[in-house]
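Just so it is clear, none of the values below were taken in a lab; they were calculated from the coordinates. Computed from a prediction, not measured in an experiment: that's the story for all the values here. No Cβ is skipped: glycine too gets one built from the backbone with ideal geometry, and neighbour counts run over all protein chains shown.
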Amino acid sequence: MSTPQNTIAIVYDYDQTLSPSYMQDETVFPAFGINPESFWRRCSELVRDNGYDNELAYMKVLLDTLGMDRPTNADLKSLGQKLNFYKGIPEMFEEFRTGLLNEDHLAHGITVEHYVISSGLKVLIDGSRLQPYVRAVFGCEFDVDEQDRITFPKRVISHTQKTQYLFRINKGLLDMSQDVNDHMDAEIRPIPFPNMIYLGDGPTDVPCFTVMKKNGGEAIAVYNPDDPKRVGFKKMLPAFDPCRSSQTHRAG
Ligand SMILES: [Mg+2]
């Protein structure tokens, strides 16, 4: 039996898509007196010399740097309050609550849900001012030890793994214990790809753009209007075929 497929999902990358900053710069680094340059240099060394994945590298360097001062996830969540976004966010989400759908949409039971898929730390976004507006946030997560302090990565979302979460949204499998690879007929998927829009800012979003385009969804690339170099944006432009419906847009 088919289900009404009248939900629209808008899915956002986080760093440089919803915010002009990187999340650690506004939260963890100042709170724990971490020098960003030496932090990211150490991450690059692990990737270059030890073959680490980028996300595991930053999670390891964070644990190593904090040592005995490792915070709890609740501590990190409260740091999420310090996150800042592009101008107009989160007000945009507030306006979407009442101003996005007209009476016809409402009569057909159409609803809009927002999701974030980030290779950054989920707990920081969960603690941010975005939280009330998003149905689910997917990001890297730490497990904790007996003292509740972060101790080991329990979920790592690399840029290629981000695509798995598009399928979780598509199939309505938001609980991580559910296997996203289980077969589900297209007509019973709660949010078909043509009802999905993905927004991202850089090369790490290209796998998601590709999945969206292949399955009939929308992919939108955004850039920071205050960044004249737009390095990441330019790198990803070849992923956009001008003949397709996907588009580019300024953020903020
Ligand atoms: Mg980004």
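DSSP finds beta bridges in the chain, and of those with both partners inside it, around 20 percent are antiparallel. Note on D179 and V156: with the Förster distance fixed at 22 Å, the Cβ-Cβ geometry gives a FRET efficiency of about 0.80. When peptides 103-112, 219-228, 83-92, 13-22 are ranked by their average number of other Cβ atoms within 10 Å per residue, the highest-first order is 13-22, 219-228, 83-92, 103-112. Considering only T160, P190, L76, the residue lying farthest towards the positive end of the dipole of the chain is T160, judged by Cα position with unit charges set on Cβ. Straightening the chain between R129 and R42 buys 28.3 nm, computed as 0.36 nm per residue apart minus the Cα-Cα spacing. If the elastic network links every pair of Cα atoms under 10 Å, which of G127, G33, G232 fluctuates the most in the Gaussian network model of the chain? Result: G33 has the largest fluctuation of those listed. Partners of K60 within straight-line reach, counting lysines whose Cα lies under 27 Å from its Cα and excluding those fewer than 8 residues away in the same chain: K77, K82, K122, K154, K162. When a/c reaches 1.5 or more, the comparison of a/b and b/c decides; with that in mind, is region 122-172 rounded, prolate or oblate per its Cα gyration tensor? It comes out oblate by the Cα gyration axes.
By the gyration tensor of its Cα atoms, with a ≥ b ≥ c the square roots of the eigenvalues, what is the shape of region 149-210: rounded for a/c under 1.5, prolate for a/b over b/c, or oblate? Cα axes put region 149-210 in the oblate bin. Shape of region 93-235 from the C-alpha gyration tensor: rounded (a/c under 1.5, with a ≥ b ≥ c the square roots of its eigenvalues).
Annotation: extensible slack from T163 through D53 equals 37.9 nm (criterion: 0.36 nm per residue apart, minus Cα-Cα distance). Basic side chains Lys and Arg get +1 at the Cβ, acidic Asp and Glu get -1 at the Cβ, and with that the dipole of the chain about its Cα centre reaches some 580 debye.
Here the Gaussian network model covers the chain, with springs between Cα atoms less than 10 Å apart; of Q81, Q147, Q24, Q147 fluctuates the most. Modelled this way, with points 7 Å down the Cα-to-C-beta line, the labels at K235 and N102 are 4.1 nm from one another.
Highest mean packing first, where packing is the average number of other Cβ atoms within 10 Å per residue, the peptides 49-61, 201-213 line up as 201-213, 49-61.
Centre-to-centre, using Cα atoms only, region 112-150 and region 171-232 are separated by 18 Å.
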